[in-house]
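Comments concern the structure below.
The values are calculated or read from the model by the stated rules, or taken from the named source; none is laboratory data. All figures in this text were calculated on a predicted structure; none of them were measured in a lab. Here the Cβ positions follow ideal geometry from the backbone for every residue, glycine too, while neighbour counts run over all protein chains shown. We work out accessible area using only protein heavy atoms, side chains counted, and drop any ligands, DNA or RNA first. Shrake-Rupley method; radii C 1.70, N 1.55, O 1.52, S 1.80 Å.
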Amino acid sequence: MTEGPIPRRFPISIPERSIEDLKHRLRNTRWPEAETVGDWTQGVPLKWLREVCDYWVDGYDWRPVETELNQAGSHVLSVEGFDIHFLHQRSPEPDAIPLLMTHGWPGSVIEFLDVIPRLTNPSHFGLAGQPAFHVVAPSLPGYGFSTKPAATGVGVETIASLWAQLMGQLGYDRYIAQGGDWGSEVSLALAQASPACIGAHVNFLVAQPPEFVLAAPTADEARSLAASAEVYRSGMGYAQLQSTRPQTLGYGLTDSPVGQAAWILEKFHSWTDNPGDPRDTIRIDRLLDNVSLYWFTATAASSARLYWESAARFGAETITAPVACSVFPAELFRPSRRWAESRLKALVSWSDPPRGGHFAAMEQPELFAAEVRKASAVLRARI
């Protein structure tokens, strides 16, 4: 273990007055008129969002997820002047593998609450003998209960360095990094830079299509290229705003819970493997757990600022460290293996699960846990 600050328990307890303030704001929302289309192409439909927010006021209870987070091992550790909030759950299995899991935007450590038990204690789920993990799931700086950066320079590489120090302080000298969205880039950077990280498993990958794919794509690659082009045409407005004017955006989202909910939930509609409504894939309480975490911590601007810091380098770095990749069918970008190998020079495992999207750990926790176990077996064999 690296000598330094000692992790301390961080019991989460949102004041009741903050919960009442949220409900007051929701009840006094000034709503816009309805969209002029019959679908989500102009954004979140008014009727849908009013239903969600009515439930947020009168049906939703924050306290159960607060208990879940505390039971999952809510801790804080000071690293390089940042108080990093993280969940830490050790496995009862003697040969468990340390696993560092990183979320992205608009997710949080809440993404992992339904997979942590499956990863730490597979025997409880009838999977005795399957790989088990000691799970560490930190909140990115500016997200959740982690410190909000007060100066520039806290991008992907800096976060990877913070994570390496965090794992050292926890006594893990060999571990696997796992992530999706921003967590994918952080995990890849960590695997590339830290000898203690034996490799990464990612469930989201951005890679520029090589010339041979553009020149002669397979049928699947042609579909992926067309889908990617549509994402860039109609689905990247949020990223443009967050990478150029996160502070301006933050005023409205920090002041309006409905605005914050719409900004986040539109992505859960667009990016999950759902039949038309994200509530059919992820239960409404879990969706609101995630939105509420952003609201109570007032992290609209600080979370968006990661785009300002690192959006230009997303997918740019060539990775020579061992990487396993799972590409879920409703993911935003779905490169083929040969396409991915143009960026990942030591791609050791490739998988196409049958269900799930961008928030795979929330959408398909059993399938997601199986993908992590499969990847870990390949990565661990390379030690």
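Worth a mention:
- Taken over segment 266-282, the criterion of being in contact with a Gly (Cβ under 7 Å, 6 or more places away or on another chain) and among the aromatic types (Phe, Trp, Tyr) is satisfied by Trp271 alone.
- Of all residues making up segment 16-73, the number that are in contact (Cβ under 8 Å) with a residue 60 or more places away in the chain and out of contact with any helix residue (DSSP H, G or I) (no Cβ under 9 Å at 6 or more places or on another chain): 0
- Options Asp289, Asp285, Asp280: the member that is over 27 Å from Ala340 (Cβ atoms), in contact (Cβ under 8 Å) with a residue 24 or more places away in the chain and open to solvent by 30 Å² or more (accessible area, probe 1.4 Å): Asp285
- Restricting segment 30-53 to residues that are outside any loop (DSSP other than H, G, I, E, B) and open to solvent by 60 Å² or more (accessible area, probe 1.4 Å), the residue that is nearest to Pro257 (Cα to Cα) is Arg50.
Yes/no per residue for (1) in contact with a strand residue (DSSP E or B) (Cβ under 7 Å, 6 or more places away or on another chain); (2) open to solvent by less than 10 Å² (accessible area, probe 1.4 Å):
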{"site": "Asp95", "(1), (2)": "no, no"}
{"site": "Leu100", "(1), (2)": "yes, yes"}
{"site": "Trp105", "(1), (2)": "no, yes"}
{"site": "Pro117", "(1), (2)": "no, no"}
{"site": "Leu127", "(1), (2)": "no, no"}
{"site": "Ala137", "(1), (2)": "yes, yes"}
{"site": "Tyr143", "(1), (2)": "no, yes"}
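- Restricting segment 252-266 to residues that are of a type outside the set (Asp, Glu) and more than 17 Å from Lys47 (Cα to Cα), the residue that is most open to solvent (accessible area, probe 1.4 Å): Thr254
- Scan of segment 301-327 for residues that are open to solvent by less than 60 Å² (accessible area, probe 1.4 Å) and within 18 Å of Gln247 (Cβ to Cβ), ordered by number: Ala301, Ser302, Ser303, Ala304, Leu306, Tyr307, Glu309, Ser310, Ala311
- Lone qualifier among Ala375, Ala369, Ala330 - being under 14 Å from Ala200 (Cα atoms), in contact (Cβ under 8 Å) with a residue 24 or more places away in the chain and either open to solvent by less than 30 Å² (accessible area, probe 1.4 Å) or in a loop (DSSP other than H, G, I, E, B) (or both): Ala375
- Pairs, first over 22 Å from Leu140 (Cβ atoms) in segment 78-97, second open to solvent by 30 Å² or more (accessible area, probe 1.4 Å), C-beta under 7 Å, six or more apart: Ser91/Asn121; Pro92/Asn121; Ile97/Pro131; Ile97/Arg380
- Search result, residues across segment 184-197 that are touching a strand residue (DSSP E or B) at 6+ places or on another chain (Cβ under 6 Å) and buried (at least 20 other Cβ atoms within 10 Å of the Cβ): Ser184, Val186, Ser187, Leu188, Leu190, Ala191, Cys197
- Scanning segment 342-380 for residues that are under 20 Å from Phe112 (Cβ atoms) and hydroxyl-bearing (Ser, Thr, Tyr) gives Ser351, Ser376.
- The residue of segment 213-233 that is farthest from Asp181 (Cα to Cα), among those that are in contact (Cβ under 8 Å) with a residue 24 or more places away in the chain and either touching a helix residue (DSSP H, G or I) at 6+ places or on another chain (Cβ under 9 Å) or open to solvent by less than 90 Å² (accessible area, probe 1.4 Å) (or both), is Thr218.
- Residue within segment 167-175 that is in a loop (DSSP other than H, G, I, E, B), open to solvent by less than 60 Å² (accessible area, probe 1.4 Å), among the hydroxyl-bearing types (Ser, Thr, Tyr) and in contact (Cβ under 8 Å) with a residue 24 or more places away in the chain present: yes
- Helices (runs of 4 or more DSSP H) wholly inside segment 221-323 that include at least 2 residues being among the aliphatic types (A, V, I, L, M), modelled with pLDDT of 95 or more and within 26 Å of Leu190 (Cα to Cα): 300-310
- Residue selected from segment 1-29 under the condition surrounded by fewer than 13 Cβ atoms within 10 Å (Cβ to Cβ) and among the hydrophobic types (A, V, I, L, M, F, W, C), by the criterion farthest from Val76 (Cα to Cα): Met1
- Enumeration of residues in segment 1-37 that are modelled with pLDDT of 95 or more and of a type in the set (S, T, N, Q): Ser13, Ser18, Asn28, Thr29, Thr36
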